Every structure is written in C-alpha cells, then in structure tokens.
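The values are calculated or read from the model by the stated rules, or taken from the named source; none is laboratory data. Owing to the predicted nature of the structure, the values given are computational and were not obtained by experimental measurement. Glycine also receives a Cβ, built like all others from the backbone with ideal geometry; neighbour counts cover every protein chain displayed. Quick note on the areas: whole protein, heavy atoms, side chains included, nothing else; ligands and nucleic acids left out. Shrake-Rupley method; radii C 1.70, N 1.55, O 1.52, S 1.80 Å.
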Amino acid sequence: MTVFFGIFLLTLLLIIAVGIVRAQNLFTAVMLTGIFSLIMAANFFVLDAADVALTEAAVGAGISTVLLLGALALTPSQEQDVRGGRILALFVVTVTTAVVVYATFEKPRLGDPQAPVHTHVAPWYLEKTPELIDIPNVVTAVLGAYRAYDTLGEVIVVLTAGIGVLFLLGLPGAVGRRKADDLSSGRMHLNHHLVPQVVGRLLVPFILLFALYVQFHGEYGPGGGFQAGAIFAAGLILFALIEGEREAYTILSPRLLMVLMGSGALLYGGVGVANMLLGGNFLEYSVLASDPVKGQQWGIIAIELGVGITVASVLLAIYHAFAARGL
Amino acid sequence: MSLAAQLPALQIVVPLLTAPVLVLLRGANLAWAAATAASVMAFVIAVALTLEVQSVGVIVYEMGAWPAPFGIELRIDGLNALVLLVITGASALTLLCGRASLAGEIDPDRLALFYAAWLIALAGLAGIAVTGDAFNVFVFMEISSLATYIIIAAGPNRQALTATFKYLIMGTVGATFYLIGVGLVYMMTGTLNFADMEARIGEVTDQRPILVAAGFITVGLALKAAVFPLHVWLPNAYTHAPHIVTAFIAACSTKVAIYVLLRFDFVVFQGNLTGHAFQFASFLAPLALLGILIGSAVAMFEGHLKRLLAYSSVAQVGYILLGASFASKAGITAGVVHMFNHALAKGALFLAVAALAMRLSGLRLADIAGAGRTMPWTAAALALAGASLVGIPGTAGFISKWLLLSAALEQGPLGIVAVVVIVLSSLAAVIYMWRVIERLYFGTPAGNALSASEPPWMLVAGVWVAALANVYFGLMPGLPVGLSEAAAEELLRHLP
Amino acid sequence: MFIAASIAILATMILAIVRALVGPSVWDRVLAVNMFGTKTVLLLSVVAFLYGRPDFLDLALAYALINFIGVLAVLQFFQNARDDVEDSS
Amino acid sequence: MMAQVLDVASWIMLLGGGIFVLVGGIGMLRLPDLYTRMHAASLTDTLGTLLILGGIMLQAGLSLASIKLAAIAGFLMLTGPTATYALANAALMSGFTPQDAELPEDLKP
Amino acid sequence: MELLGLFNYWVFAVLLMVGFYAVIAKPNMIKKLLGLGIFQAAVFLLYITMDKVEGGTAPIIQPGVDAIYSNPLPQVLILTAIVVGISTTALGLAVVVRIYEAYGTIEEDETQRQDLDA
C-alpha cells in the first residue's frame, strides 16, 4: 500500500517539478509550487512522518505561497527567454544526478528494518523516551529535549530571516522611517467582497484556536511550536487579507511583533540559562523540578512556547513587510 | 557546575542570546555597546578555552546532559580553539573600532537590526567551530550564512544586493550539498556524531554511498570556502559589503568552512575509506594550485583596492588547502597556521581599507593616490599588513609561507610544483601590494586625498592593533604553531 | 472500500494536475490548485483510517483551514495585479 | 445487524462520494470554458466531500475522530463555495468573459 | 519489488536534477528561488525515505499497543531543514524585491549588464 501510494505521489511530484521549471509565467509556477507542497506533504504522511507533513502543509502550502505572491506583487511575473548557457548547466546537473544514482544501488531498500538507521541511536530514543521524558510523541521528545540545541538553532534561523527581511524591506511603525499611518489604504484588502469577508471572519477564530490546540497537543500528537506558530501566523494573515493592513496593525502592532520575535527566542534561551543557574548543563531540563521527568516535560512545554511565539511573530512580520512595501 | 565547566556552552550562548535582546532594544548606540560587549566577552571565553585546551587537552560538553550520540556534544581541541580565537578576535576588534565607519554606511534606524545580525553571524560561526555533531554543523552553517547575507546586503551600493543574491544561491546550494552528504553517511552508519561516525563507518561494507557522501560534502564545503573554481561569489561580496563587514568576514567566514572540511575529511573519511587520502589530495591539490595562480594573477591586474584584496583571498584559500592536501604533519600545520596568519593579515588590510574609505571618495587605485602623505598612520599600517600578506621575514605571513615551503619540499615531485607555484604567487603578491603602496605614497594626490585627515582614533588604533599582531606573531609564532601542531596530530591520529 | 475511494481521489488529483499544467488561463490554474487542496484533505482523511491512526485527522483539519488562505491571497494578488500576469495563451 | 447496516451505508457513501469526485474531475478537465469548469468542480466537490467524510464518519462511530471529521466537513462546506465564488468574481471583474455570453451592462469593464 | 524499494531514491535524484537545473540555468531570480525550493525538497525526501520501517507507523507511542514505530530522528532533522528552507526563501525574496527596485529587472544577466555599463 505504501509503495503504491508512494509511486503514484512521487510520479506526480516529478511532473509538477518539471512544470514549475518550464512555466514562463511566474504566477503559474507559484501555483504549481502550492500543488508541489501538497503532494510532498501527502507523501510525508504516507511515509509515517506526520509531524513533517503538518509542517510542510502549514509552511509550504500556506505561508510560502502567500510570501511568494507577496513578492510577485512587487516584481514582474513574466520570465524572460533564456539564451545560451544551458549546455554547461545540463552537464553539471547530469553529472550530479549520475553520481547520486550510482550511490543508490547499495543503499538499504525502503522500509528495510535492518538498515543501520533503524538499528543504531533511533531504537534508544523509542525505548528510553517513555522512561526519561514520558510523552507519547517521540518526535517532540527528540526535537525538544535530546536535540534541543538544534531546535534553538532553528529558532534563531527563523529570527534571522525576520531580522533580514525587516532590515531589507522595513516595517512601517517599527523599522525605517515610514509610520503605520503613512500606508495608503488602497485596494490591498478584500473588504468589498462580502462573502469571503464574512466567511473569513468566521474562520479566523477557529484557525487561531486550532493553532493553540496544535501548540499544546504537540506532546501527544503531531504538532508543536513550529507548526502552531505557522498556523497562528496564517490565521492572522487571513485577518490582514480580509480587513487590510492597518486594521491588522491595531491587533498586533509592528513594534509589539518585534518584541515578540525577540522574546520567543529569549524564552527558549532563558530556559537553557536557568538550567545552568540551577546547576545543570545548558538545556538540561531535569533540574527544573525535583522529579527529572516532570522537569523534562516542563522544559519542553516552555521551549515549545518560545518556538511558537517567535515563529508566529516572525512570519507575520515578514508578511507585513512585503505587504506594506506595495502600499 | 562551575562557571569554567560551562564555558563551551557560554561561548555560543552569549552572542546567540544577546542578538534577540538587540531586537528588543532601540537605539543604535545601545545596540553597538551591547554587541561589542558580547563580542569581547566571547573573545575572553575563547582565550580561556584555549588556555584550558593547552593544559587539559580535549574539552567535551554535553548539551542537555544527553550523552553522545543521542544528544549533541561540543568538542574543543587545538584546531577549533584556534578557529574560535580568530572568529571572536576578529569580531571584537572590528566592532570595537568600526562604529563610526558602520554608522556612516548604514541607515541609523536599522543599525540595531544590523548588530543583531552581526552577533548571530558570530554565534553561527563559533557554533560550527565547537560542535561535534554533523547535523548541528548544518544548522549553525545556515545561521551564520543567513546572518552574513544580511550584513553584506547592508552595503551602500545596489551591487551589494546582487552580490548577496549570488552568495545566497551558492551558499544554499553548498549547504544543501553538505546536507545530502550527511544524509548519506547517516543512512549508512545510523549516527550523526563525528566520533561515532568514525567508529561505525569502518564496518560499512557497501562503500558507494559513503564515497558519494564524501564527494558531496567536499564540494558543498568547497563552495562555502570559495575554493577555486567555486569562488565566484566571493569578489563581489567582499567588494560591496560595508567595509567593516568585509574585514570581519574576510578574516573568518571562509576559514570556518575549511575547518569543517578538514575535520570531516580527516576524522570521518580518510581513516576508513581505502584510498580516500589520495582522492582528497588529487582533488584538492590541483584546485589549490590553480586557485593560487589565478587569484594572484587577477589581483595583479585589478584596479579596485577591495576587489584586489578579495582575489588575493581566493589565492590564500588555495595556500591553506594546499597545506592540508599534503596530509602530512608539516603540511597540515602549515595550512592551519596560514589560516590564522591570513586572518590577521586580511583583517588588518581590510580595516585599513575601511579607514581609507572613511576619508576618500572611492577605493579605486587612482582614488587612493597620495593618501600616504595625508593619512600617514593608516597608510603605514596598511603597508605593514601588506608586508605580512606578501610574507616579508619578521611578519606572520613569513612564518606560514616558510612552513608551507618546507612541507612542500617533503613531498617529492608534486612538492616541487607546489614550491614553484608558491614562489610565483609570492612574486605576484609583491607586485600587487607594491602597486597599492606605490600609489599610496608616490601617487599624485587628487580629489579628497588632498585634504584627507586621519579617521577617528578608535579606527586607527584598531588597524594598528591588527597590524602589530602581524609583527608579534611573526616574531613569536609559538601560540599558533603550537596549537596547529596539536591540531595536525589530532587530525592525523585518525589516519590508519 | 477505503481503497476504492482513495483511487477515485487519486484519479481526480491527476485530472486536476492536468488542468493546472495546461491552463489555459491563470484562473484555471487557481481553480485546479483549490480543487487539488480539497482532494488532499480527503486523501489524508481516508489514509488516516486506512492506516488505523485516526488521530492524524489533525493534518486534514490543518489543510482544510490553510487552503482557504491561499485562495484569498490569490484573490488579493489579482486585485492589485498589473496586466502582465494574464496569459491566455 | 445495526453494525452491518452502518457498514453498508458507509460503503455506499464512500463509493458514491468517489464517483462524484471523479465526475467533478472529469468535468473540470473536459468542459469548454472557465466558468463551466468552475461549476463542475465546485458542485461535485461539495457533495463528494460530504459523502466521503460522512462514510468515514460512519466507520469511526462516535469518537473524537468523528468530531474532527465533522469539523473538516464543516470547514470545507464553508470554504469551498466561498473560494469558488471569490474566484468567479475575481475572474469576471478582471474582464474574463464567459464563452457565448454577454456581460451585463454594469459589469462591463 | 527489490528495485521498487529504490524508487524513492531515484525520484530524489531526478528532483535534485530538476531543481538544480533551475538554479544554475535560469536567469530569473524568483525562478532560481523556486528551483532552490525543489532542490531542498528533494533532500527532504531523501531523509524521510530513510525513516520508514516496513509495517511501521508514525513514532507517536500508543500506550498498550505493540506496534513497530518508524524512525523519529530523520523527521526531526527535516523539520529543522524545512524551517531553514522557508527562512532562506523569505530572505531571498526580500533581496529580490530590493534588486527589482534598484535595477528594474530581476533577470540576473540583465543586472550584470547594467553593472558592467555603469
């Protein structure tokens, strides 16, 4: 069954990928990218990676499409014809692919339980997590505890992207000289489309509620700070789409967004530093409570919250930065 | 746990967590002060760590107290202690003396964000240097890259943007190649920890994926390290970045990629892949030699001071790799020492360039003519650092070139070729540095150079500290050479 | 029976992709993307039951909510779009 | 007995849903212009989705899964037609005329 | 069947090729970023393919059920990598927007020509 789904979805994936590269109209390419993400996520799901599928859905199909459209609104959307230079590119690409295919024949087959990946390190995680951390979702346990240092890095990457976009494009009311009042209200919102507006208003609270569910249910099911942050940001982006930028600023002002960006990362790091002050190593949550298992759980909840805050505020700030550039 | 035991984590945590604080703070002066304080603190920690490495050997720190390979461990030995010194030293010095220059080039509203990005770049580079986990290297590589793109894009001209975009594309391709390689190794060994990989890779019977992984990792890191012919992003990025940023990244960003390349290839691959030492050498040595020749040749004919120095950097990367490709103790020692010395020389040169740029209208060789008379201190420091780049006896550059030559002579026929190339390129270096110095002192002043005065004393002091470091480490090379020898022994211990 | 339903959904996905690739207008593509999104939601729901892990319906729920945002973003994009986006080739 | 009835009902719903979905897909591919395609996609989408989700719900019985399925069905009920409406509206506004049809006076570009 | 177990890896290889081609051969900067996205997605596929165990299920432990679980580690790595990917894309798009404002084009060869003329 897995193989059947896999082959089907992967073949579609290839067709779409070629379609993206061939499309001369960038808008078409962006639309196809949306489909690409959806197939990729379905494929992750078929391969037992529920957490990754949720992330790809929230990020790839939602946020990334919105950001690409935001950038496309500020740049021309027709690609110019390519002249020359293809032979070398084709050569480099073909060599790379040949090398990769050469390697495949000695790789472990899909799903082989004897593959080194499944016999070393991973069984330890599956076996020890119930005892050491006692949460059902092992992915969250690895992400939030065993490899929490990587995840801190991930939060900083997101923060850096936020800093970079705000540095380059500015954000009215927070970065640069423009004030929020300078934005022309223009036609950048949909509030003369009655039906989408009513339905959108109805959906926003549900999306935000669902984001909170994903945030705090991450220990038990697929989800966690990153996915929740992305979904939360998507909900607020929906609000900004239907009500306009200036309305959105009254809910969460740009200045507050920047404060949230920093404080999410600081919350994460703060947990680590608190562990150090309590006599443990950096990010050793066990010292947070008298019972090490409880300490681990508290630590994971706290850092996931930090991840969620930073991701949601950064993605929203990036969206605002692109949207405000066109006003 | 005592403070001393926490130093490896603090090395990363201090700059990494100061950055979000800067996002909260408004005000350029406060941001500068905080960033500089964090950089100086990081430098102090790096010095403490170096002293500790010299006395106790390898330091291991388990993040979250999870034992490797299940958690992530930090592992510091002679090699990364040296890299840490270079990174944190460069950041602290350039920030301390670069405030006025940066304030002149960047919109004051955005300076706080700029300093935050700078600190993240610093933390990312340091994070790559200390970690013992292959995937963690990828994460910190991306942290430092993204932050570096931002600080390069802060350059005043529009070319800074296209340079950033090119760097962003090539850097991401390089990082993704590295990720593919790590994935293949993980697939065959089931682990991400360097030490554990080394232990388990010997048992892998199907070697094709490992070989391909070695290829991907080497090419990916070569892209990041600007090894010829993958250097095309470097000249524009160095030329159009803010001058102080150029001084910082020229001193350390390519070096860190080379460090990972050395660590991965020696620790994980060479001991366990039959013939990999040979493949490594036969892949890198020709590229290193070509890079040296072509970088030096282009620099000789370049008319823009920063671009000239950037092409010289391409050649210098070649020197470092040439030493490493000998895979002998003398060779690696020479390469690593050159990593350190080149950072000193280029850091000083680009700082001097930043000082010139504050007072002159442009940086083409015609624009700097005569500045030696109106800005004597800056010009003298530039000449001194240039001497180190060329390798005049008594400067740091001489030490590493001498070590490299003697390592090459051990190598037989290939060594002779290497010696010829090194001598040729040193002559080229004499020519291109002489063109600069001749213009500085004997050119007829024109335009701004006539009325130019010395830049703020902080900057001049910083340039002189860097320049004098070149002399100091030229006369007393004990510290870098000692650490490099330890590093070489550590790396070679893994060979069969 | 889950399998029959999932095959129907997969077949529809192919049809939607053909429409997305051939166009001809940008609106056709948007329509195809939207339709593909709902089909993905259905596929995920069916597969969750096929695999016996109904707790993964969260994913389908996330898709159902997020897909809509994409369509509204497109709508807003066209409101401000210039003429060069239209290709009715 | 009850279980069997439910089973059969759910099979019929799943099968029927599958057929509607497929018909919608074919219509989307074969119909001549944008608006007819939109019509095919949107109508069958709603019914097919409802049937398939209903079929699964019958299989799941009364559980958290059923509530989630109901929520999914509810959201799709809301968003599907809205999205189609928004698309059709935007296409019409930007001057994309239906084949063989005249625009009403007040909508002429 | 033996070779079908490698199908995922071949798709990985071809996706890599398609994305990489777009990155090197297309002068349009947004196209390059889209290509980069495909290129990275290929790597995600490589990692996620590794995590699957025959007959396994997602690594969310169901108490009392004796199940085989797939490998959680590659999933964690790819979660991180997806985040890195979107961050890079966002930053890249911001740079492209600024380039368009400064040059009036987002074709790389065109910007190079303008720089040379200047």
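What to note about this one:
- D:Gly80 being within 19 Å of C:Ile14 (Cα to Cα), within 10 Å of chain C (Cβ to nearest Cβ), surrounded by 18 or more Cβ atoms within 10 Å (Cβ to Cβ) and without any contact (Cβ under 8 Å) to a residue 40 or more places away in the chain: no
- Residues being more than 7 Å from chain A (Cβ to nearest Cβ) and either open to solvent by less than 20 Å² (accessible area, probe 1.4 Å) or in contact (Cβ under 8 Å) with a residue 12 or more places away in the chain (or both) are entirely absent from the stretch E:2-11.
- Restricting the stretch B:66-110 to residues that are over 24 Å from the mean Cα position of the chain (by Cα) and among the charged types (D, E, K, R), the residue that is most open to solvent (accessible area, probe 1.4 Å) is B:Asp109.
- Residue check: B:Glu454 meets all listed conditions (1) over 30 Å from B:Phe278 (Cα atoms); (2) part of a helix (DSSP H, G or I); (3) open to solvent by 10 Å² or more (accessible area, probe 1.4 Å); (4) not small (Gly, Ala, Ser) but one, namely (2).
- Residues in the stretch A:275-327 that are open to solvent by 10 Å² or more (accessible area, probe 1.4 Å), in a helix (DSSP H, G or I) and charged (D, E, K, R): A:Lys294, A:Arg325.
- Selected residue (only one of A:Tyr220, A:Tyr249, A:Tyr213 is in a helix (DSSP H, G or I), open to solvent by 30 Å² or more (accessible area, probe 1.4 Å) and away from chain B (no Cβ under 14 Å)): A:Tyr213
- Any hit, the stretch E:93-107, residues being more than 7 Å from every other protein chain (Cβ to nearest Cβ), open to solvent by 10 Å² or more (accessible area, probe 1.4 Å) and in contact with a helix residue (DSSP H, G or I) (Cβ under 7 Å, 6 or more places away or on another chain): yes
- A:Thr104 vs. criteria under 30 Å from A:Ala321 (Cα atoms), of a type in the set (Val, Ile, Thr) and crowded, with 16+ Cβ neighbours inside 10 Å: no
- Number of the condition not met by B:Ser426 [criteria: (1) of a type in the set (S, T, N, Q); (2) modelled with pLDDT under 90; (3) open to solvent by 20 Å² or more (accessible area, probe 1.4 Å)]: (2)
- Top-ranked residue of the stretch A:74-89 - restricted to ones that are more than 32 Å from the chain's Cα centre (by Cα) and more than 7 Å from chain E (Cβ to nearest Cβ), ranked as nearest to A:Ile20 (Cα to Cα): A:Asp81
- Residue within the stretch E:88-98 that is assigned to a helix (DSSP H, G or I), basic (Lys, Arg) and either more than 15 Å from the chain's Cα centre (by Cα) or closer than 19 Å to A:Pro123 by Cβ (or both) present: yes
- Residue in the stretch B:463-474 that is touching a Gly at 6+ places or on another chain (Cβ under 6 Å), hydrophobic (A, V, I, L, M, F, W, C) and open to solvent by 70 Å² or more (accessible area, probe 1.4 Å) present: no
- Taking the conditions (1) open to solvent by less than 30 Å² (accessible area, probe 1.4 Å); (2) in a helix (DSSP H, G or I); (3) within 29 Å of B:Ile12 (Cβ to Cβ) in turn, A:Ile242 satisfies each one other than (3).
- Filter result (part of a helix (DSSP H, G or I) and either within 19 Å of B:Ala396 (Cβ to Cβ) or touching a Lys or Arg at 6+ places or on another chain (Cβ under 6 Å) (or both)) within the stretch B:297-320: B:Leu309, B:Ser312, B:Ser313, B:Ala315, B:Gln316, B:Val317, B:Gly318, B:Tyr319, B:Ile320
- Among the conditions (1) within 7 Å of chain A (Cβ to nearest Cβ); (2) open to solvent by 20 Å² or more (accessible area, probe 1.4 Å), E:Leu16 misses just one, which is (2).
- Test: D:Gly17 is more than 9 Å from chain C (Cβ to nearest Cβ), among the small types (Gly, Ala, Ser) and without any contact (Cβ under 8 Å) to a residue 60 or more places away in the chain: no
- Taken as a whole, the stretch B:111-125 holds no residue that is over 25 Å from A:Gly279 (Cα atoms), open to solvent by less than 20 Å² (accessible area, probe 1.4 Å) and more than 14 Å from chain A (Cβ to nearest Cβ).
- Here the condition is being closer than 15 Å to A:Ala53 by Cα, crowded, with 23+ Cβ neighbours inside 10 Å and either more than 23 Å from the chain's Cα centre (by Cα) or hydrophobic (A, V, I, L, M, F, W, C) (or both); of E:Leu34, E:Leu46, it holds for E:Leu46 alone.
- Every condition in (1) more than 8 Å from chain E (Cβ to nearest Cβ); (2) outside any helix (DSSP H, G or I); (3) in contact with a Gly (Cβ under 9 Å, 6 or more places away or on another chain) holds for A:Asp48 except the one numbered (1).
- Meets criteria (within 21 Å of C:Phe77 (Cβ to Cβ) and either in contact with a Ser or Thr (Cβ under 9 Å, 6 or more places away or on another chain) or among the aliphatic types (A, V, I, L, M) (or both)) for C:Pro54: no
- Hey, B:Ser282 free of Cβ contacts under 8 Å to residues at least 24 places away in the same chain and farther than 22 Å from B:Ile368 by Cα or not: yes
- Test: residue in the stretch A:136-155 that is of a type in the set (S, T, N, Q), free of Cβ contacts under 8 Å to residues at least 24 places away in the same chain and more than 30 Å from A:Ala324 (Cα to Cα): no
- Taking the criterion of being at positive phi and either within 7 Å of another protein chain (Cβ to nearest Cβ) or of a type in the set (D, E, K, R) (or both), no residue of the stretch E:34-62 qualifies.
- Some residue of the stretch E:92-110 being among the basic types (Lys, Arg) and farther than 27 Å from A:Leu159 by Cβ: no
- For the stretch B:204-232, the tally of residues that are open to solvent by 30 Å² or more (accessible area, probe 1.4 Å), among the aliphatic types (A, V, I, L, M) and farther than 13 Å from B:Asp265 by Cα stands at 2.
- Test set (1) buried (at least 24 other Cβ atoms within 10 Å of the Cβ); (2) at pLDDT 90 or above; (3) more than 7 Å from chain E (Cβ to nearest Cβ) - A:Ala29 fails condition number: (3)
- Of note, A:Val21 does not satisfy the criterion of being under 30 Å from B:Met188 (Cα atoms) and β-branched (Val, Ile, Thr).
- Inclusion of B:Val139 among residues that are within 11 Å of chain A (Cβ to nearest Cβ) and modelled with pLDDT of 95 or more is warranted.
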